[in-house]
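Everything on this sheet refers to the single structure shown next.
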Amino acid sequence: MSRRAAPRSRPRTDREDPGRRRLEVLYDVIRRLAAVQESEKILDHIVNAATTLLGVEAAGLRLRDGDDLVLEARTESAAEIMAPVRLHAGESLSGHVLTTGQPVAVEDLVDDTRYDARHKRAAVELGFHGFLAVPLRAHERVIGVLNVYTRRRRRFQPDEIALLATFADQASLAIEKDRMLQEARGHAVRLQALARLN
């Protein structure tokens, strides 16, 4: 009776597949995001997870308020770059993402003419160059913009842009779920107040 040879295991290489590694990180940050329950921590988790996901030094998030974008969360390293609390639609790079609904990738902020001069000055002084912003969407509508920054020039590859956009989609779901939960709680409080009055 012949014995079947055991299948040979594939040789392990020292270099890990970066695409697979990114997907593993994406899965991990989405899993952690789903576990966050407190409203104020959700946005902080999103910006911190974005830095981990793409290996960048800073990130920030603005949410839509009418035709404006309002700063809601940022990493400590992005505090001075994202100093303006409110941006108008079309203003600077984040405002451009809001109006077009498309990602914006910049290899070097110094060279980009769409970047607001005040913001550019702060970025250059702080040594930031690479930039990527993707829209946050809910129900086919842009509800905000997620930005990441790098200290070196960086040409973001299509798979990196797609990775951040996929994460932004999941982040948008978490933001919308939390918003609806807060609205439901507010509605319940109002109903209880009315019941007491009656």
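The values are calculated or read from the model by the stated rules, or taken from the named source; none is laboratory data. These numbers come from a predicted model, not from an experiment. Counting neighbours? That spans all protein chains shown, and the Cβs are built from the backbone with ideal geometry, glycine included. Protein only, heavy atoms only, side chains kept; ligands, DNA and RNA dropped before computing areas. Shrake-Rupley method; radii C 1.70, N 1.55, O 1.52, S 1.80 Å.
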task = Exactly one condition in (1) more than 14 Å from the chain's Cα centre (by Cα); (2) open to solvent by 40 Å² or more (accessible area, probe 1.4 Å); (3) not β-branched (Val, Ile, Thr) is not met by Ser92; state its number.
result = (2)
ask   = Quick check: is even one residue across region 133-140 over 18 Å from Asp65 (Cα atoms), touching a strand residue (DSSP E or B) at 6+ places or on another chain (Cβ under 9 Å) and open to solvent by 80 Å² or more (accessible area, probe 1.4 Å)?
value = no
task = Select, from Leu26, Leu43, Leu53, Leu33, the only residue that is at pLDDT below 65, within 19 Å of Gln170 (Cα to Cα) and open to solvent by less than 80 Å² (accessible area, probe 1.4 Å).
result = Leu33
task = Give the residue that is surrounded by the fewest Cβ atoms within 10 Å (Cβ to Cβ), with candidates limited to residues of region 56-84 that are under 18 Å from Pro135 (Cβ atoms) and free of Cβ contacts under 8 Å to residues at least 40 places away in the same chain.
result = Gly66
query = If only one of Gln182, Gln157 is at pLDDT below 90 and either open to solvent by 70 Å² or more (accessible area, probe 1.4 Å) or on the phi > 0 side of the Ramachandran plot (or both), which one is it?
reply = Gln182
ask   = Pick from region 95-123 the residues that are of a type in the set (Lys, Arg), open to solvent by 50 Å² or more (accessible area, probe 1.4 Å) and over 21 Å from Leu164 (Cβ atoms): which of them is modelled with the highest pLDDT?
value = Arg121
